[in-house]
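Engineer: Let me begin by handing over the structure; questions about it come next.
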Amino acid sequence: MNFNDALSVTKLLLEYVPATLKLFFFTLLFSIPLGMVVMWLKKCRFKPVSWLTKLYILVMRGTPLILQIVVVHYAIPMIVSNAKNSGNESDFIDWLRELMLSENYMFITLIVAFSLNYAAYFAEIFRGGLESIPVGQYEAAQMLGMTKPQTFFRIILPQVFKRVIPAVSNEVMTLVKDTSLATTIAYAEIMLIAKQQMNTYSSIVPLFIAGLFYFIMNAIVTLVFMLLEKHYSYYR
Amino acid sequence: MSILEVKSLSKSFGELKVLKEISFNVEQGQVLSVIGPSGSGKSTLLRCVNQLERADGGEINVCGVNMMHTENGKAVYAPKKTLREIRLKIGLVFQNFNLFPHKSVMENIIEAPVHVLKKSKEQAKEEAAELIRKMGLMTKENSYPCELSGGQQQRVSIARALALKPDVLFFDEPTSALDPELTGEILLVIKELAKEKMTMVIVTHEMEFAKDVSNHVIFMDGGYIVEEGDPAELFGNTQNERTKQFLRRYKGM
């Protein structure tokens, strides 16, 4: 593989950066709020809810993400065809069929699988952050007559935010790399195209170029989190 | 009217009885010191009175308002609204300060006046500036707690409690986390407050200070009030064997 080939592969891969970034940003957009909800459900005093949430987290963290992607992707066609075979028609099945046939189906299943998986990790990170706040902070706020929402939003949450930054940055960097798992269901992003180019040129150079792309994206993520940590370094 | 009335207060943690029928009053302008060995129930007593811990039985009245009493052997607390009102009459200074680390000195002090009492920011800041001056923290109002010494942090937490203009101020071993030099500056502040007739209840291990600043002393041991009275009397001339033993050990140190 000569330099010009490498250059054209680089250009081609560059065209698929937005596809990778789309996966990345949409997953963050859904998994972070969902992670807060999951944490909140796990701390729920109504035990069955807390147990179900624990089971959810166990399954999500306990099985491979690649497997979850495949399951989500193929579950819907199977449900639809089963319903058809047993003559079970309903609005819901119709809705699923339409979803299945839409051009965004692949992207949607990926976002669902990624978000469900990452929410489980974020939930545990947020819980760790929340539980690391000394009980004295709650007591001080209580003694000052602050209400529970005031205590949470004005005193606790800002401190949790600072404390979870390092753990969240880990997770976000992993996500950059995990977007390559989309290859499993043939979603066209950097990794899939790199593998195709590897076959076309019978060379592993396209893989190195793809690796460089992920590396640069994570260098940027590292920089963003470094700045974020610096922004919050005014207190301990 | 007593600022604080406690009648046969009891509290257990599981099987362990920590407070056994504690009764005492605090009058307007009084400075009460509560002394006793570790595990005698002093801190638990303070926490029950401050609603940080739920008592099992007895009665507590703050400024003539009932906070809790006992009905058919069960502790009954006043409605939430009343409890909140009572809380605002009470200030508490913690052993380890519990300042809000993400807020500056000024922000720590005006947090409750602005967000609880709904005062304007300007007014709260004006009043806070006065407290900051009084606590000798003039140059520190924009500092964060992590930039201050332990003694300075404790003075901020006193200012924060005073910002709500409480009728009574409680101190939970305010100098235990400080070295002797810093202890001195906190004791000085408390003495100043005593001069202004601030009603205070101080749980402390500083015997000399308790003797010096308070006009009433309670000695607790094993969940009981063993002895109470005038500090000069209790420290100088106690007839109680247990008190004598405790004080002897302190003097020996």
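Engineer: Does B:GLN123 fit the bill of being without any contact (Cβ under 8 Å) to a residue 12 or more places away in the chain and either within 10 Å of chain A (Cβ to nearest Cβ) or among the polar types (S, T, N, Q) (or both)?
Structural biologist: Judged against the criteria, B:GLN123 is a match.
Engineer: Hey, another quick one. So if I check each of B:GLN28, B:GLN95, which one is in a loop (DSSP other than H, G, I, E, B), surrounded by 15 or more Cβ atoms within 10 Å (Cβ to Cβ) and touching a residue at least 12 places away in the same chain (Cβ under 8 Å)?
Structural biologist: B:GLN95
Engineer: Could you figure out which of (1) more than 14 Å from chain A (Cβ to nearest Cβ); (2) surrounded by 15 or more Cβ atoms within 10 Å (Cβ to Cβ); (3) acidic (Asp, Glu) isn't true of B:GLU173?
Structural biologist: (1)
Engineer: Does B:GLU27 meet the test of being away from every other protein chain (no Cβ under 14 Å) and on the phi < 0 side of the Ramachandran plot?
Structural biologist: yes
Engineer: Here's another thing I want to ask about it. Which members of the range A:124-155 meet the condition of being among the aromatic types (Phe, Trp, Tyr) and at the interface with another protein chain (Cβ under 10 Å from one of its Cβ atoms)?
Structural biologist: A:TYR138
Engineer: All but one of (1) assigned to a strand (DSSP E or B); (2) surrounded by fewer than 22 Cβ atoms within 10 Å (Cβ to Cβ) hold for B:LYS81, so report the exception by its number.
Structural biologist: (1)
Engineer: Still on this structure, I have one more. Filter the helices (runs of 4 or more DSSP H) completely within the range A:1-101 down to those with at least 3 residues that are more than 30 Å from A:GLN197 (Cβ to Cβ) and without any contact (Cβ under 8 Å) to a residue 60 or more places away in the chain.
Structural biologist: Hits in the range A:1-101: A:17-42, A:47-62, A:65-85, A:91-101.
Engineer: Contact list please: Cβ distance under 6 Å, first residue in the range A:152-173 and of a type outside the set (A, V, I, L, M, F, W, C), second residue at pLDDT below 95 and not in a helix (DSSP H, G or I), pairs at least six apart or on different chains.
Structural biologist: Pairs found: A:LYS162/A:TYR232.
Engineer: Another question, then. Against the conditions (1) within 13 Å of A:LEU144 (Cβ to Cβ); (2) among the charged types (D, E, K, R); (3) more than 13 Å from chain A (Cβ to nearest Cβ), where does B:LYS89 fall short? Just the number, please.
Structural biologist: Every listed condition holds for B:LYS89 apart from (3).
Engineer: Go through A:LEU101, A:LEU116, A:LEU110 for me and flag whichever is away from chain B (no Cβ under 14 Å), modelled with pLDDT of 95 or more and over 24 Å from A:SER50 (Cβ atoms).
Structural biologist: From the options A:LEU101, A:LEU116, A:LEU110, the qualifying one is A:LEU110.
Engineer: Residues that are of a type in the set (Val, Ile, Thr): find the helices (runs of 4 or more DSSP H) completely inside the range B:147-253 holding 2 or more of those.
Structural biologist: In the range B:147-253, B:150-162, B:180-195 are the helices (runs of 4 or more DSSP H) which contain 2 or more residues that are of a type in the set (Val, Ile, Thr).
Engineer: Follow-up. Suppose the filter is touching a helix residue (DSSP H, G or I) at 6+ places or on another chain (Cβ under 7 Å), on the phi < 0 side of the Ramachandran plot, in contact (Cβ under 8 Å) with a residue 12 or more places away in the chain and not in a helix (DSSP H, G or I); does A:ILE133 pass it?
Structural biologist: When the stated conditions are applied, A:ILE133 passes them.
Engineer: Would you confirm whether or not the range B:155-178 contains a residue that is at pLDDT below 90, on the phi < 0 side of the Ramachandran plot and over 16 Å from the mean Cα position of the chain (by Cα)?
Structural biologist: Yes, the range B:155-178 contains at least one residue that is at pLDDT below 90, on the phi < 0 side of the Ramachandran plot and over 16 Å from the mean Cα position of the chain (by Cα).
The values are calculated or read from the model by the stated rules, or taken from the named source; none is laboratory data. Note that the structure is a prediction, hence the values are computed from the model and not measured. A quick note on method: Cβ atoms are made from the backbone with ideal geometry, for glycine too, and the neighbour counts reach across all protein chains shown.
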